[in-house]
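The values are calculated or read from the model by the stated rules, or taken from the named source; none is laboratory data. Computed from a predicted structure; not experimentally measured. Positions of Cβ are generated from backbone atoms using ideal geometry, with glycine treated the same way; all protein chains shown enter the neighbour counts.
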Amino acid sequence: MRLTVGDIARALGLTTEAIRYYVDEGLIHPIKNANNNYWEYSSEDLLRLTDILFYRSLGLGINDIRLIFGGLPLSDFDSMLDERKSAIIKEIHELSEKLWSLNDWSEKVRQEKALVGRYIIGDMPASLRHQDTLDEGMHLAEYLENSFDIEKEDWGYISISFYYDSRQKQPKLRKYLSVENNRRMKTSANKPSGYEAEVKHCLITEVHFNEDPALMLKPIISYAEENGFELVGTFYGKENTNYYIDGERLGLYKVYAPLKTDK
């Protein structure tokens, strides 16, 4: 007795497309009924499908299943299964790292949002920084090429930072790349980097970045004046979480304003 693909699909809870996929992969072999041109499936085909579902539930790929169906000796099953277990252990390790990173980022985002419009006293941590600044008109790709030797796993530790000295006659926002101090980065002679020392006793807040530094820094300057904090007049900004509005890339920056004295 042979059944149609619809009958088999209902019996196994599969879609007809899934069954036809395994046919196309050469794992099951229905026979075309010459009277109606329908493909019909035997009980052997159904058993093969149940085996496929079991192997797939273990994470075996189509090539592995094809090897088994092609006559893989039972004595070779152990090595194949050991390889799959090793691959799963590696996946678990990678997923665990991703989960840790997501939890860490989630907590940082929470803290960043909580600091918007609020002010605390603290220190700016030391960081590794690129010596040159990202000058106006320079393409970011050109700047990056002459900066750090960046590996893909390091991008999460790099931020576009800024320095602003309001005491200058024509103050200008100076942008540069910086890396968290606890991150080891590759450096080379043709890609100079400097050590940005820890800055003690800063008024700290979180701001939405604005290319107009006077507008962006006005709230922290006003807060300092209203609460009797005397600022040195220099400001450091460290890029934190980015977000998008109407396709425009925006970001939260942690601003450090060094104090002349403690209150």
Go through (1) modelled with pLDDT under 90; (2) surrounded by 14 or more Cβ atoms within 10 Å (Cβ to Cβ) and name the single condition Ala189 misses. (2)
Given the criterion of a type outside the set (Phe, Trp, Tyr), closer than 30 Å to Val255 by Cα and assigned to a helix (DSSP H, G or I), identify the matching residue among Lys90, Lys85, Lys113. Lys113
Take the residues in segment 130-148 that are part of a loop (DSSP other than H, G, I, E, B), farther than 20 Å from Lys238 by Cβ and not small (Gly, Ala, Ser), then tell me which one is modelled with the highest pLDDT. His139
Residue pairs qualifying under the 7 Å Cβ cut-off, at least six apart or on distinct chains, with the first in segment 31-43 being hydroxyl-bearing (Ser, Thr, Tyr) and the second being modelled with pLDDT under 90 and in a loop (DSSP other than H, G, I, E, B), are Tyr41/Arg2; Ser42/Arg2
Would you confirm, using the coordinates I've provided, whether Arg20 is touching a residue at least 40 places away in the same chain (Cβ under 8 Å) and surrounded by fewer than 17 Cβ atoms within 10 Å (Cβ to Cβ)? no
Residue check, Leu14 part of a helix (DSSP H, G or I) and not polar (S, T, N, Q): no
For segment 203-233, enumerate the residues that are of a type in the set (Asp, Glu) and closer than 16 Å to Asp165 by Cα. Glu211, Asp212, Glu230
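The rows are residues; the columns are (1) assigned by TED's automatic domain parsing to the domain that holds Tyr176; (2) under 30 Å from Ile160 (Cα atoms).
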{"position": "Asp45", "(1), (2)": "no, no"}
{"position": "Gly61", "(1), (2)": "no, no"}
{"position": "Ser86", "(1), (2)": "no, no"}
{"position": "Leu95", "(1), (2)": "no, yes"}
{"position": "Ser101", "(1), (2)": "no, yes"}
{"position": "Ser106", "(1), (2)": "no, yes"}
{"position": "Met124", "(1), (2)": "yes, yes"}
By residue number, the members of segment 166-186 that are out of contact with any helix residue (DSSP H, G or I) (no Cβ under 6 Å at 6 or more places or on another chain) and modelled with pLDDT under 80 are Asn181, Asn182, Arg184, Met185, Lys186
Among the residues of segment 218-232, is there at least one that is within 17 Å of Ile121 (Cβ to Cβ), modelled with pLDDT of 95 or more and touching a Cys at 6+ places or on another chain (Cβ under 8 Å)? no
Among Tyr253, Tyr236, Tyr243, which is assigned by TED's automatic domain parsing to the domain that holds Ser127, in a strand (DSSP E or B), of a type outside the set (Gly, Ala, Ser) and without any contact (Cβ under 8 Å) to a residue 40 or more places away in the chain? Tyr243
